[in-house]
1. What distance in nm separates the two pseudo spin-label positions at A:Ala195 and A:Leu49, each 7 Å out from Cα along the beta-carbon direction?
2. Which order, highest average first, do A:130-137, A:77-84 follow once you tally other Cβ atoms within 10 Å for each residue and take the mean per peptide?
3. Which of the DSSP-defined H helices in chain A satisfy a minimum axial length of 30 Å, computed from C-alpha atoms, and a minimum mean Kyte-Doolittle hydropathy of 0.0?
4. List, in the order given, every pair from B:Lys41/B:Lys85; A:Lys2/B:Lys170; B:Lys64/B:Lys170; B:Lys41/B:Lys139; B:Lys85/B:Lys124 whose Cα-Cα distance in the structure shown is over 21 Å.
5. Find the relative contact order for chain A and round it to a whole percent, using C-alpha pairs within less than 8 Å whose residues are 6+ positions apart.
6. Principal axes first, then extents: for the Cα atoms of the protein assembly as shown, list largest minus smallest coordinate on each axis, whole Å, largest first.
7. Relative to the present Cα-Cα distance, how much length would full extension add between B:Gln10 and B:Glu149 at 0.36 nm per residue of separation?
8. At 10 °C and 1.306 mPa s, grab the translational diffusion coefficient of the stretch A:38-208 from Stokes-Einstein with a Kirkwood Rh over Cα pairs, rounded to a whole number in µm² per second.
Amino acid sequence: MKTDDLIRALAADTQRGPDLRMMLLAGLLPALGLAAVAVWSVLGFRVDLGAAMLTPVSAARILLTGILGIAASRLALLLARPEGGHTARLWPLAAVAAAALGLLAWAYQTTPDEARQMATVGKTMTTCLVAIPLLSILPVGMLHYTLRQGAVTAPLRAGFVAGLAGSGLSAAIYALHCTEDSPLFYVTWYGLAIAGVTLVSTMIGARSLRW
Amino acid sequence: MAEDVDAWGQLLAAANAGDARAYARFLQSVTPVLRGIVRAKGGGLGEAGCEDVLQEVLLAVHLKRHTWDQGAPVRPWLYAITRYKVVDAFRARGRKIDVPIEDFAEVLAAEAGPDPTEAADMAKMIGMLDGRSAEIVRKIGLEGVSVAETGQALTMSEGAVRVALHRALKTLAILRERHVK
């Protein structure tokens, strides 16, 4: 086949792929809504949610995970474009991680020696480590689906930010239930849950986002 | 060169707004440049081999054209797809190459020759499509029949032909990937 012939066939095809931003919103928002309903109906929101939102150290949990999720989602949209591999800058994610670690260090300093271990282990570690990955499945899946409709040229990085985006947002939703307000607890265990999901997402992305 | 590139943006924007002729002109005007890049990178493949790779790149550009952000310059977008597909195509043929994007600027300055070649791979792939899809691609591509006339010949509506054509092109890209791996 001559290239001119191919061009003629291509030019006759007027169907275009989806708008990726709209597609991601249309997939991610319902997925997150469902996650919120799941937390509310199975675990229940914490009773003092209103008061907790006004307590900086407690609100920081939702803020940090939420910002991580939104920043990573924006990066995922960038990486869905072929030139995204060159234009996407990952430092905002590192900034969020640095803020979380700073908070952890501060909590370590201000928590009395004898209370540290209890604050770190908490009472709901297992729930946290199970719930956040479970809640992440659908949002991360939606991100991967959108990325596959795009033209990813950095599959490893795209899988990585998709994992951070989905698990960050899911962790923010889980925080509506969780009453563990010490950064010693939440930076550690939320962080571990997010890292686990992100690792899996990165590994899947590296394979499945090629085209 | 800069004028050309501006023109690409305008043509592609018009194409995205539904102007099929602008789209054909866009593809025609990027093709020599992309051919120059492929040849510069894959001289060892021979002319026909390079044309195969070029057609792969064009198919990818076509199927991924919704990922171009209207506000962004066309060139980085186009070259990123080209680079990805060229590396992929050469890897699939057992050759590892490095395609730094900066290199493209020099390649562009060298004007590529006229379109001389018949490429073999795409015809093979079309042969692997189901009968009707293959016929639609051949009629529109090789014979230059319009979508409406193709529909009449195959007793299909124009819309159905367009849907079938789009599916066929997507399938070609998938076949291509499998064939190559």
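Every read-out reported here was derived from the displayed coordinates using simple, explicitly stated rules and does not represent laboratory data. Since this is a predicted model, take the numbers as computed values, not measurements. Please note: Cβ atoms are built from the backbone with ideal geometry, for glycine as well, and neighbour counts cover all protein chains shown.
1. Once both label points are built, they end up 3.0 nm from each other.
2. A:77-84, A:130-137
3. Those that pass (Cα extent of 30 Å or more, hydropathy at least 0.0) are A:56-79, A:125-149, A:183-208.
4. B:Lys41/B:Lys139
5. This gives 33 percent for chain A.
6. Taking the Cα atoms of the protein assembly as shown, the three principal extents are 81, 48, 37 Å.
7. On the way: separation 139, 0.36 × 139 = 50.04 nm, distance 2.94 nm.
Stretched out fully, the B:Gln10 to B:Glu149 stretch lengthens by 47.1 nm.
8. Details: Rh = 16.3 Å.
Value of D from the Cα-based Kirkwood radius: 97 µm²/s.
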